[in-house]
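The values are calculated or read from the model by the stated rules, or taken from the named source; none is laboratory data. All values derive from a computational prediction rather than experimental measurement. So basically every Cβ, Gly included, is an ideal-geometry build from the backbone, and we count neighbours across all protein chains shown. Please note that ligands, DNA and RNA were not included when accessible areas were found on the heavy atoms of the full protein model with its side chains. Shrake-Rupley method; radii C 1.70, N 1.55, O 1.52, S 1.80 Å.
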Amino acid sequence: MIDLGGDDVYHEGTVSPQRPVLVIIDLAGNDRYEGTQPGIQGGAMLGVSMLVDVAGDDVYDAKDIAQGSAVGGVGILIDFGG
């Protein structure tokens, strides 16, 4: 998923056996990333998840296995600014 900017809200978006790779690239905007499921916001369970946010004053709200963490996979969260 590629988002070219704006004030976006991302809900959930997990890595699963049906979707083992998830990449989100957001170039601009004051974004909000929220969810309660494990494996969101650059977090992964048995897969690969990457979240890259280039600019903006962003808010991250999650429970377990999120924001660059992983269990049996690779989780990456890169926030360049904000």
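Taking region 6-55 as the range and being of a type outside the set (Gly, Ala, Ser), in contact with a Pro (Cβ under 8 Å, 6 or more places away or on another chain) and surrounded by 15 or more Cβ atoms within 10 Å (Cβ to Cβ) as the test, the residues that pass are Thr14, Met45, Val48.
Could you give every pair whose Cβ atoms fall below 8 Å, whose first residue belongs to region 1-14 and is over 16 Å from Met50 (Cα atoms), and whose second residue is at pLDDT 80 or above and of a type in the set (Gly, Ala, Ser), counting only separations of at least 6 or pairs across chains? Between residues of region 1-14 that are over 16 Å from Met50 (Cα atoms) and residues that are at pLDDT 80 or above and of a type in the set (Gly, Ala, Ser), the close pairs are Leu4/Ala28; Gly5/Ala28; Gly5/Gly29; Gly6/Ala28; Gly6/Gly29; Asp7/Gly29; Asp7/Gly56; Asp8/Gly29.
Considering each residue of region 62-76, count those that are over 19 Å from Pro17 (Cα atoms) and open to solvent by 60 Å² or more (accessible area, probe 1.4 Å), and give that number. Walk me through it before giving the result.
Kept after step one, since they are over 19 Å from Pro17 (Cα atoms), are these residues of region 62-76: 62-63, 67.
From what's left, open to solvent by 60 Å² or more (accessible area, probe 1.4 Å): 63, 67.
Residues that pass the stated criteria total 2.
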